[in-house]
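Right, one structure below, let's go through it.
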């Protein structure tokens, strides 16, 4: 495993540009991501979020700008970058024929790691999937598949993980399950770059939020600072009503 630097931002993006023929997707993007934090790249469909993640993960070459991940340049040190990261795309990349445990063991063996069974069991426990570990993934709910997908991304303990719209297509309970998994990742020291179009997702998870619009970062700050961009709301004393999320969870329970 590549040596992990201890100072400076774990991700640094400066002047990033990417075009597809006449279409400018990224038009000079700049941002840093602190180690052990959750950084949300927020934007509507087509804003350039996935393009940025592909460049950061060495799957796509930029037209201009510099990008470093874990202290390594994505262009000149691509192999070192790939050793430092894991990428989870918009849809779960799991084998439905295999069990959850077999999926994890397979990835551990492909990475030539010792004790793949122990690694699989530890990750199943970490993501509350132990009871379902022996079941075929075809029987899993959407949230369970997504949690397994993230668990598979952590085989080998990469210090940086990219989550590209991780809750796309999930029901409310599945989204909450994934949110909890992402929070636990950061709590254990993993740096998470999250792309999403869901405002509540960024609000729930991110230490810092950048909004990508028409190929540029238009704001980049903490949620508390972003809220100061608008006038303060008038204080009204009203009876607090339960939210739809409160009602949903009360009715269905917090079942895995």
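What to note about this one:
- Residues being outside any strand (DSSP E or B) and farther than 12 Å from residue 154 by Cβ - total across region 170-193: 14
- Whichever residue in region 90-105 is within 21 Å of the chain's Cα centre (by Cα) and in a helix (DSSP H, G or I) and, among such residues, is surrounded by the fewest Cβ atoms within 10 Å (Cβ to Cβ): 103
- Test: residue in region 168-182 that is buried (at least 20 other Cβ atoms within 10 Å of the Cβ), touching a strand residue (DSSP E or B) at 6+ places or on another chain (Cβ under 9 Å) and in contact (Cβ under 8 Å) with a residue 60 or more places away in the chain: yes
- Tabulated pairs, region 220-247, first assigned to a loop (DSSP other than H, G, I, E, B), second surrounded by 10 or more Cβ atoms within 10 Å (Cβ to Cβ) and at pLDDT 85 or above, C-beta under 8 angstrom, 6+ apart or interchain: 222/207; 222/208; 222/209; 229/219
- When the criteria are applied in full, residue 148 fails the requirement of being crowded, with 18+ Cβ neighbours inside 10 Å, within 25 Å of residue 98 (Cβ to Cβ) and at pLDDT below 90.
- Qualifying position, being touching a residue at least 60 places away in the same chain (Cβ under 8 Å) and surrounded by 22 or more Cβ atoms within 10 Å (Cβ to Cβ), among 13, 33, 74: 33
- Among the conditions (1) in a loop (DSSP other than H, G, I, E, B); (2) surrounded by fewer than 21 Cβ atoms within 10 Å (Cβ to Cβ); (3) within 21 Å of the chain's Cα centre (by Cα), the only one that residue 87 does not satisfy is (1).
- Of all positions in region 188-199, at least one carries a residue that is out of contact with any strand residue (DSSP E or B) (no Cβ under 9 Å at 6 or more places or on another chain), within 22 Å of residue 10 (Cα to Cα) and either exposed (fewer than 15 other Cβ atoms within 10 Å of the Cβ) or without any contact (Cβ under 8 Å) to a residue 40 or more places away in the chain (or both).
- Scanning region 118-138 for residues that are in contact with a helix residue (DSSP H, G or I) (Cβ under 8 Å, 6 or more places away or on another chain), part of a helix (DSSP H, G or I) and either more than 22 Å from residue 206 (Cα to Cα) or touching a residue at least 60 places away in the same chain (Cβ under 8 Å) (or both) yields a total of 8.
- Residue check for residue 50: in a helix (DSSP H, G or I) and either in contact with a strand residue (DSSP E or B) (Cβ under 6 Å, 6 or more places away or on another chain) or exposed (fewer than 15 other Cβ atoms within 10 Å of the Cβ) (or both): yes
- Filter pass, residue 82 being surrounded by fewer than 21 Cβ atoms within 10 Å (Cβ to Cβ), touching a residue at least 12 places away in the same chain (Cβ under 8 Å) and part of a loop (DSSP other than H, G, I, E, B): no
- Restricting region 60-71 to residues that are in contact with a helix residue (DSSP H, G or I) (Cβ under 9 Å, 6 or more places away or on another chain), touching a residue at least 24 places away in the same chain (Cβ under 8 Å) and part of a loop (DSSP other than H, G, I, E, B), the residue that is surrounded by the fewest Cβ atoms within 10 Å (Cβ to Cβ) is 60.
The values are calculated or read from the model by the stated rules, or taken from the named source; none is laboratory data. From a predicted model like this one, the values you see are computed outputs, not experimental measurements. Counting neighbours? That spans all protein chains shown, and the Cβs are built from the backbone with ideal geometry, glycine included.
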